[in-house]
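A quick write-up on the structure given underneath.
The values are calculated or read from the model by the stated rules, or taken from the named source; none is laboratory data. This is a predicted model, so every value here is computed, not measured. All Cβ positions, glycine included, derive from the backbone under ideal geometry; neighbour counts span all protein chains shown.
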Amino acid sequence: MKSVIDIRQLSVEEIDGLMEIGRDIIANPGKYSEKCRGKKLATLFFEPSTRTRLSFEAAMYELGGNVLTMADAQSSSASKGESVADTAKVISCYADIIAMRHPKEGAPMVAAMNATIPVINAGDGGHNHPTQTLADLFTIHREKGRFEGLTVGFCGDLKFGRTVHSLITAMERYKDVRFVLISPDELKLPSYVKNTLKEKEIPYIQTRDLLLVMPELDILYMTRVQKERFFNEEDYLRLKDSYILTPEKLVEAKADLCIMHPLPRVNEISVAVDSDPRACYFKQVLNGKYMRMALILKLLDLA
Ligand code: CP
């Protein structure tokens, strides 16, 4: 394992292995507190982030390592026109591993091709967000004890939601998983993701009606309508509040439904849902830190 750009690079067995490390970190944090002593993580974020950047940094500190951070493109030489390839070559002289977020799909892949150290994709445009997927998978497994046989509902912006694309790609490998895709017509899952489901004969339905399908769901993965990916403000304003999850809308939901959201949320989940024991989105945040710790260890050959 050298770089992780797409969740498909990780086999089911490798994901199991990372979750096992995650569980061991939770049970025995002291065992890991010096593992990355002398190592440096560079977080290169060309797009805003709270969770991903800070959880990577918290992960490295909790492993005893250090962090070099570039929190926005304007404060870097990218603003003077430096290429992603050159940036990756330069950072390879300073750090042992890179976590990169970029608004352009494929930029972390370009970085990985030019760096001499491992690169982790921390989100590239509307494409992929593999470490969020590791957080999501770990959350599902900790809550449900399995992946097989689950009905997973995705609701909101399925067109631009890179976390949705990554999680579907990861979950489609498990037996008897079924997807329920809930979105306005304009924000349906892209064909390239849907075509894979068709080719693999994985059952899915598309609907605009969240309440209609609510009783079937084991997982409800809410998403934000992503203002930054729209070309037209008018379309964003029309679609942004398509779905707002409230306690009333959960009346028909399963008692053990797991409600997830990669965050940040805007209006898609009412704050009143936070006290529902089925709300798992803040657990997802913490699980993300453990999985990023596990991935850093694995990529640095320290696990
Ligand atoms: N879930 C997620 O990627 O959050 P940030 O944009 O805050 O990193």
Residue under evaluation Gly161, criteria (1) modelled with pLDDT of 95 or more; (2) out of contact with any Lys or Arg (no Cβ under 7 Å at 6 or more places or on another chain); (3) of a type outside the set (A, V, I, L, M), criterion not met: (1)
Scope region 140-164; condition buried (at least 23 other Cβ atoms within 10 Å of the Cβ) and within 15 Å of the ligand (Cβ to nearest atom); matching residues: Phe154, Gly156, Asp157, Gly161, Arg162, Thr163, Val164
Qualifying residues in region 37-55 (those that are part of a loop (DSSP other than H, G, I, E, B) and more than 15 Å from the ligand (Cβ to nearest atom)) - the one nearest to His102 (Cα to Cα): Lys39
Failed item in (1) more than 19 Å from Pro48 (Cβ to Cβ); (2) touching a Gly at 6+ places or on another chain (Cβ under 7 Å); (3) of a type outside the set (Phe, Trp, Tyr), with Thr133 passing the rest: (2)
Those residues of region 37-65 which are out of contact with any helix residue (DSSP H, G or I) (no Cβ under 7 Å at 6 or more places or on another chain), of a type outside the set (Gly, Ala, Ser) and over 19 Å from Leu134 (Cα atoms), in sequence order: Arg37, Lys39, Lys40, Glu47, Pro48, Tyr61
Unmet criterion (only one of (1) at pLDDT below 95; (2) within 16 Å of the ligand (Cβ to nearest atom); (3) surrounded by 18 or more Cβ atoms within 10 Å (Cβ to Cβ)) for Val266: (3)
Pairs with Cβ under 9 Å, 6+ apart, first in region 107-123 and on the phi > 0 side of the Ramachandran plot and outside any helix (DSSP H, G or I), second of a type in the set (D, E, K, R) and within 16 Å of the ligand (Cβ to nearest atom): Gly123/Glu47; Gly123/Arg101; Gly123/Arg162
Scope region 16-36; condition surrounded by fewer than 21 Cβ atoms within 10 Å (Cβ to Cβ) and either closer than 26 Å to Arg265 by Cβ or within 16 Å of the ligand (Cβ to nearest atom) (or both); matching residues: Met19, Ile26
Filter result for Asp136 (at pLDDT 95 or above, under 16 Å from the mean Cα position of the chain (by Cα) and either within 16 Å of the ligand (Cβ to nearest atom) or part of a helix (DSSP H, G or I) (or both)): yes
Pairs where the first residue, in region 45-60, is within 20 Å of Ser77 (Cβ to Cβ) and the second is outside any helix (DSSP H, G or I) and more than 11 Å from the ligand (Cβ to nearest atom), C-beta under 7 Å, 6+ apart: Phe45/Met70; Phe45/Ala71; Phe45/Asp72; Phe46/His102; Phe46/Pro103; Glu47/His102; Glu47/Pro103; Arg53/Ala71
Subset of region 243-255 [under 23 Å from the mean Cα position of the chain (by Cα) and within 24 Å of Leu150 (Cβ to Cβ)]: Tyr243, Leu245
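Listed here are the residues, each with its yes/no results for (1) in the same structural domain as Glu186 (by TED's automatic domain parsing); (2) out of contact with any helix residue (DSSP H, G or I) (no Cβ under 7 Å at 6 or more places or on another chain); (3) of a type outside the set (S, T, N, Q).
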{"position": "Glu234", "(1), (2), (3)": "yes, yes, yes"}
{"position": "Leu239", "(1), (2), (3)": "yes, no, yes"}
{"position": "Glu248", "(1), (2), (3)": "yes, yes, yes"}
{"position": "Cys258", "(1), (2), (3)": "yes, no, yes"}
{"position": "Leu263", "(1), (2), (3)": "yes, no, yes"}
{"position": "Glu268", "(1), (2), (3)": "yes, yes, yes"}
{"position": "Asp276", "(1), (2), (3)": "yes, no, yes"}
{"position": "Cys280", "(1), (2), (3)": "yes, no, yes"}
{"position": "Arg292", "(1), (2), (3)": "no, no, yes"}
Matching entry among Lys283, Lys249 (being within 20 Å of Ser166 (Cβ to Cβ), of a type in the set (Lys, Arg) and at pLDDT 95 or above): Lys283
